[in-house]
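The values are calculated or read from the model by the stated rules, or taken from the named source; none is laboratory data. Computed from a predicted model, the values in this text were never measured in an experiment. Ideal geometry is used to build each Cβ from the backbone, glycine not excepted, and the neighbour counts take in all protein chains shown. The protein model used for the area step is the full one, side chains on, heavy atoms only, and it has no ligands, DNA or RNA in it. Shrake-Rupley method; radii C 1.70, N 1.55, O 1.52, S 1.80 Å.
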Amino acid sequence: MKYPPKVQLVDVGPRDGLQNEAQHVPAAVKVELVHRLQTAGLRFIEVASFVSPKWVPQMADHDAVMAGIQRRTDVRYSVLVPNLRGLEAALPTRPDEVVVFGAASEAFSQKNINCSIAQSIERFAPVVEQALAAGLRVRGAISCAVGCPYEGDIAPERVGEVARLMKGIGVQHVGMADTIGVGTPQRVQAAMDAALAHYPLHEVSGHFHDTYGQALANVLACLEMGVWQFDASVAGLGGCPFAKGATGNVATEDLVYLLHGLGIETGIDLQALVDAGVFISTALGRKPQSRAANALLARRAALATA
Ligand code: HMG
Ligand code: MG
């Protein structure tokens with residue numbers, strides 16, 4: 001099997017990872033997390049979202065987080081925006097990229113952003129136009145690309161249709177997202193194929209929540225197709241407040257361990273990444289939800305006492 005020689009990871013921990021946390025996470029902790037991720041070699045970080053604070057209170061401090069980051073010129077900082085209001089609020093904070101987020105499921109679109117798929121595309125169109133005019137990159141997320149908490153299985157054709165609509169309004173890249181982590185490799189490949197009917201290989205990515213423990217298998221299935229860009233979340237944080245039962249994203253540590261094991265370059269220092277995961281997990285009062293991180297931590301502890 002021939003895999004891509006290099007993989008690019010977006011750590012969505014500061015955004016997807018924290019948006020679902022009930023406890024308040026101070027902006028300073030979010031900023032420190034971003035710093036630790038960039039120190040570990042992450043070059044793509046999803047920092048915050050500019051959504052309604054009534055809908056997602058945890059992301060209300062987006063301005064403070066964006067202002068607090070000591071930026072590196074080789075890191076791309078992205079933020080989620082659901083509408084023009086979000087873009088207007090985000091622009092002064094100088095993101096490199098904005099992410100519009102739609103869904104392949106009508107019911108999830110309504111629950112998540114309070115509008116139909118068609119209305120969401122209408123809303124996104126001016127957002128994309130103005131973001132591109134401002135010199136930003138624009139990514140699109142297609143949620144519930146395999147299954148929906150309200151509608152059940154989602155056919156690949158529906159992913160293809162949203163990808164087609166996103167392409168039509170100028171979205172440069174689409175992320176195929178298994179929001180509730182129900183996908184298995186063949187179904188994920190079918191959803192990815194549907195996106196690839198409208199986007200080239202270098203403009204698609206996979207975003208897998210690990211609810212059923214399938215995320216690494218799904219990444220591998222995408223690597224087999226030549227896909228080389230994935231989202232992941234340090235310490236396996238993550239979830240969507242509007243997709244009940246969904247757990248965290250694939251842990252960045254687990255994914256890096258897999259990729260390095262396959263001889264695939266990521267530019268990421270796994271030990272420093274484990275430290276970033278410990279930092280945020282400690283701040284949240286729990287252990288990292290990453291098998292690789294916990295195994296490496298146990299090995300460190302054993303070496304320290306040997
Ligand atoms: P709405 O209520 O339909 O919007 O919400 P509205 O335009 O009628 O406005 C209602 C109120 O929200 C007004 O304030 C607006 O000013 C305000 P009020 O008059 O009541 O005081 N408002 C805003 N405030 C701040 N920023 C904004 C904004 N827009 C309106 N941008 C809306 C529509 C989209 C705003 C709402 O549904 C929302 O914020 N949803 C957030 C959903 C969300 O963040 N979900 C999680 C991220 S997506 C995800 O996790 C999936 C992903 O990881 C991929 C995957 O795993 O599938 C990406
Ligand atoms: Mg997600």
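General observations
- Segments classed as helices (runs of 4 or more DSSP H), wholly inside segment 106-223, with at least 2 members that are in contact with a Phe, Trp or Tyr (Cβ under 7 Å, 6 or more places away or on another chain): 106-113, 156-168
- Those residues of segment 20-39 which are buried (at least 23 other Cβ atoms within 10 Å of the Cβ) and either of a type in the set (Val, Ile, Thr) or within 16 Å of ligand 2 (Cβ to nearest atom) (or both), in sequence order: Val34
- Lone qualifier among Phe101, Phe108 - being aromatic (Phe, Trp, Tyr), over 14 Å from Pro14 (Cβ atoms) and out of contact with any Asp or Glu (no Cβ under 8 Å at 6 or more places or on another chain): Phe101
- Selection status of Asp254, within 14 Å of ligand 1 (Cβ to nearest atom) and either open to solvent by 50 Å² or more (accessible area, probe 1.4 Å) or touching a helix residue (DSSP H, G or I) at 6+ places or on another chain (Cβ under 9 Å) (or both): no
- Taken together, the residues in segment 99-141 that are within 27 Å of Phe44 (Cα to Cα) and out of contact with any strand residue (DSSP E or B) (no Cβ under 8 Å at 6 or more places or on another chain) amount to 8.
- Where Gly238 falls short, out of the listed (1) under 18 Å from Val47 (Cα atoms); (2) out of contact with any His (no Cβ under 7 Å at 6 or more places or on another chain): (2)
- None of Ser49, Ser105, Ser143 is within 16 Å of ligand 2 (Cβ to nearest atom), crowded, with 23+ Cβ neighbours inside 10 Å, farther than 25 Å from Ala22 by Cα and of a type in the set (Ser, Thr, Tyr) except Ser105.
- Some residue of segment 233-243 being outside any helix (DSSP H, G or I), in contact with a strand residue (DSSP E or B) (Cβ under 6 Å, 6 or more places away or on another chain) and either modelled with pLDDT under 95 or within 11 Å of ligand 2 (Cβ to nearest atom) (or both): yes
- Residues located in segment 97-150, provided they are of a type in the set (Ser, Thr, Tyr) and in contact (Cβ under 8 Å) with a residue 40 or more places away in the chain: Ser105, Ser143, Tyr150
Results for (1) at pLDDT 95 or above; (2) of a type in the set (D, E, K, R); (3) surrounded by fewer than 23 Cβ atoms within 10 Å (Cβ to Cβ); (4) farther than 29 Å from Met66 by Cα, shown as yes or no for each residue.
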{"residue": "Asn114", "(1), (2), (3), (4)": "yes, no, yes, no"}
{"residue": "Glu122", "(1), (2), (3), (4)": "yes, yes, yes, no"}
{"residue": "Ala134", "(1), (2), (3), (4)": "yes, no, yes, no"}
{"residue": "Glu157", "(1), (2), (3), (4)": "yes, yes, yes, yes"}
{"residue": "Val171", "(1), (2), (3), (4)": "yes, no, no, no"}
{"residue": "Met176", "(1), (2), (3), (4)": "yes, no, no, no"}
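- Residue check for Ala155: touching a helix residue (DSSP H, G or I) at 6+ places or on another chain (Cβ under 9 Å), more than 16 Å from ligand 2 (Cβ to nearest atom) and closer than 19 Å to Ala221 by Cα: yes
- Flag: Val188 does not match the condition of being among the β-branched types (Val, Ile, Thr), more than 15 Å from ligand 2 (Cβ to nearest atom) and buried (at least 24 other Cβ atoms within 10 Å of the Cβ).
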